[in-house]
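J.: Here it is: the structure, laid out below.
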Amino acid sequence: MLALGIEGTAHTVGVGIVDETCRVLANVYDMVRPEKGGIHPREAANHHADAVVPLIRKAADVAGVDLGDLDLVAFSQGPGLGPCLRTVATAARALAVALDRPIVGVNHCVAHLEIGRGVTAAKDPVLLYVSGGNTQVIAFARGRYRVFGETLDIGIGNMLDKFARECGLPFPGGPILEKLARDGRTLLPLPYSVKGMDVAFSGMLTAALALRREGKSMEDLAFSIQEVAFAMLTEVTERAMAHLDNDEVLLGGGVACNRRLQGMVDRMAADRGARMFVPPGDLCIDNGAMIAWTGLLMHRGGVRMNLSETVVDQRYRTDEVAAIWRA
Ligand code: ATP
Ligand code: FE2
């Protein structure tokens, strides 16, 4: 069975093709890079509209399949930016109707977790999902994927990107800060805000920018932001694992590419006799393969959608999905 998935919740539009063993046959994408400032939903949607058909063709070429060989079309149904979601859903519906194949709408956050289970040895992990817009600790409990902790304000990636932008660095700032942090030596005081199982990052952003104006070095700032922010994330992830008595932790989202975050979570896991899993980078960032694979799991588990059920949901919550394929 071959599934094609289209991702397009935010600034990345991606198309992936996977088979029933979670072999990724193609995973191609294109990303909007705003010249300055953040992303504008309408502009990102226009970008996705131009890019999606060439990407579908490219994915088929890379996979070495004809579109007619596909058995299923999946797309990211939410959460995300309305115009982007609608553009991608329209493309998916057109493809499904043209090929006369079933269509499945996929929850983006659940897809980050499922692709990790698909390509690593993790069976029932706690997922630390850390991306630009999202920061959540997710695990399967009582038939659903549930959010055990999340950011109360901005996503971790957004915080890194905004800090970098204000300091004159290009987008995306996260990987640049990771490099700078390697030469940091002094841990500067930044707010450590963990509230119950939740975290908050906007206070840290404000404090870091104030320290920058005082002339602190970018290396020390990048180092300190990573140390404090990642310690917060590791703490709430550990608490979820303890609560669930779970000995697997999976990383997902673009920030999961960060070696220092991986190192901290790995150390925490090792200390409690647990294991950490990290999918390859192109399956951590927003990508079509994770949508294709989750769509395939859903379809195999009996999920069927008619076109009227493919309406997008900007606020599609992780725990709204009845994960019947896990039963
Ligand atoms: P979402 O998944 O919430 O829709 P997104 O489109 O921003 O958001 P991703 O493509 O998963 O999601 O991740 C992009 C983010 O990952 C950016 O904020 C970027 O700075 C961050 N990032 C990528 N690599 C690294 C790294 N090595 N260290 C820190 N952050 C990183
Ligand atoms: Fe994502």
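J.: State the number of residues belonging to the range 215-243 that are farther than 16 Å from residue 164 by Cα and surrounded by fewer than 16 Cβ atoms within 10 Å (Cβ to Cβ).
T.: Selection size over the range 215-243: 3.
Let's see how each residue does on (1) within 16 Å of ligand 2 (Cβ to nearest atom); (2) of a type in the set (A, V, I, L, M, F, W, C); (3) surrounded by fewer than 17 Cβ atoms within 10 Å (Cβ to Cβ); (4) touching a residue at least 40 places away in the same chain (Cβ under 8 Å):
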residue: 1; (1), (2), (3), (4): no, yes, yes, yes
residue: 6; (1), (2), (3), (4): yes, yes, no, yes
residue: 12; (1), (2), (3), (4): yes, no, no, yes
residue: 15; (1), (2), (3), (4): yes, yes, no, yes
residue: 19; (1), (2), (3), (4): no, no, no, no
residue: 25; (1), (2), (3), (4): no, yes, no, yes
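J.: Can you list residue pairs whose Cβ atoms sit under 8 Å apart, with the first residue in the range 180-198 being in the same structural domain as residue 217 (by TED's automatic domain parsing) and in contact (Cβ under 8 Å) with a residue 60 or more places away in the chain and the second being surrounded by 12 or more Cβ atoms within 10 Å (Cβ to Cβ) and basic (Lys, Arg)? Count only pairs 6 or more apart in sequence or on different chains.
T.: Going by the 8 Å Cβ cut-off, the qualifying pairs are 181/260; 197/239.
J.: Quick check on the range 233-246. Is at least one of its residues small (Gly, Ala, Ser) and within 16 Å of ligand 1 (Cβ to nearest atom)?
T.: As a first pass, look at the range 233-246 and keep what is small (Gly, Ala, Ser): 240, 242.
Cutting the leftovers down to within 16 Å of ligand 1 (Cβ to nearest atom) gives us none.
Within the range 233-246, none of the residues are small (Gly, Ala, Ser) and within 16 Å of ligand 1 (Cβ to nearest atom).
J.: Just checking: which of the helices (runs of 4 or more DSSP H) contained wholly in the range 217-294 hold 1 or more residues that are farther than 21 Å from residue 191 by Cα and within 16 Å of ligand 2 (Cβ to nearest atom)?
T.: Details: elements: 218-244, 259-271, 281-284.
Hits in the range 217-294: 281-284.
J.: Only residues that are over 19 Å from the mean Cα position of the chain (by Cα) and part of a helix (DSSP H, G or I): list them for the range 88-101, please. Quick ask: steps written out before the conclusion?
T.: In the first step, residues of the range 88-101 are kept if they are over 19 Å from the mean Cα position of the chain (by Cα); the result is 90-101.
Correct list: 90, 91, 92, 93, 94, 95, 96, 97, 98, 99.
J.: Can you find a residue in the range 68-76 that is part of a helix (DSSP H, G or I), in contact (Cβ under 8 Å) with a residue 12 or more places away in the chain, assigned by TED's automatic domain parsing to the domain that holds residue 10 and surrounded by fewer than 23 Cβ atoms within 10 Å (Cβ to Cβ)?
T.: Within the range 68-76 (the criterion being part of a helix (DSSP H, G or I), in contact (Cβ under 8 Å) with a residue 12 or more places away in the chain, assigned by TED's automatic domain parsing to the domain that holds residue 10 and surrounded by fewer than 23 Cβ atoms within 10 Å (Cβ to Cβ)), the answer is yes, since at least one residue qualifies.
J.: Residue by residue through the range 244-278, note down the ones that are of a type in the set (S, T, N, Q), under 29 Å from residue 176 (Cα atoms) and surrounded by fewer than 22 Cβ atoms within 10 Å (Cβ to Cβ).
T.: Applying the first criterion (of a type in the set (S, T, N, Q)) to the range 244-278 yields 246, 258, 262.
Next, only the ones that are under 29 Å from residue 176 (Cα atoms) stay: 258, 262.
Passing the criteria: only 262.
J.: Does residue 49 satisfy being crowded, with 21+ Cβ neighbours inside 10 Å, away from ligand 2 (no atom under 16 Å from the Cβ), outside the structural domain of residue 129 (by TED's automatic domain parsing) and within 22 Å of the chain's Cα centre (by Cα)? Spell out the reasoning first.
T.: Details: crowded, with 21+ Cβ neighbours inside 10 Å: no; away from ligand 2 (no atom under 16 Å from the Cβ): yes; outside the structural domain of residue 129 (by TED's automatic domain parsing): yes; within 22 Å of the chain's Cα centre (by Cα): yes.
No, not satisfied.
J.: Go through the range 102-215 and tell me which helices (runs of 4 or more DSSP H), entirely inside it, have 3 or more residues that are within 11 Å of ligand 1 (Cβ to nearest atom). Give the derivation first.
T.: Working: elements: 108-119, 156-166, 173-181, 202-213.
By residue number, 108-119, 156-166, 173-181.
J.: Can you report the number of residues in the range 77-87 which are surrounded by 24 or more Cβ atoms within 10 Å (Cβ to Cβ) and assigned to a strand (DSSP E or B)?
T.: 1
J.: Now a separate question. What tally of residues in the range 295-327 results from selecting those that are in a loop (DSSP other than H, G, I, E, B) and aromatic (Phe, Trp, Tyr)?
T.: Of the range 295-327, the ones in a loop (DSSP other than H, G, I, E, B) are 301-304, 306, 311-317, 321, 323, 327.
Keeping just the survivors that are aromatic (Phe, Trp, Tyr) gives 316.
Counting residues in the range 295-327 that are in a loop (DSSP other than H, G, I, E, B) and aromatic (Phe, Trp, Tyr) gives 1.
J.: Filter the range 145-171 down to residues that are surrounded by fewer than 19 Cβ atoms within 10 Å (Cβ to Cβ), over 19 Å from residue 201 (Cα atoms) and either charged (D, E, K, R) or within 15 Å of ligand 2 (Cβ to nearest atom) (or both), then give me how many there are.
T.: 1
One line per residue, one yes/no per condition, for (1) basic (Lys, Arg); (2) farther than 19 Å from residue 131 by Cβ:
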site	(1), (2)
282	no, no
294	no, no
300	yes, yes
308	no, yes
317	yes, no
322	no, yes
326	yes, yes
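J.: Ok, one more. Could you check the range 181-200 and list, in sequence order, the residues that are touching a Ser or Thr at 6+ places or on another chain (Cβ under 6 Å) and not small (Gly, Ala, Ser)? Please lay out each step first, then the result.
T.: Of all residues in the range 181-200, those touching a Ser or Thr at 6+ places or on another chain (Cβ under 6 Å) come to 187-188, 190, 199-200.
Hits for the range 181-200 are 187, 188, 190, 199.
The values are calculated or read from the model by the stated rules, or taken from the named source; none is laboratory data. This is a predicted model, so every value here is computed, not measured. Backbone-built Cβ (ideal geometry, glycine too); neighbour counts: all protein chains shown.
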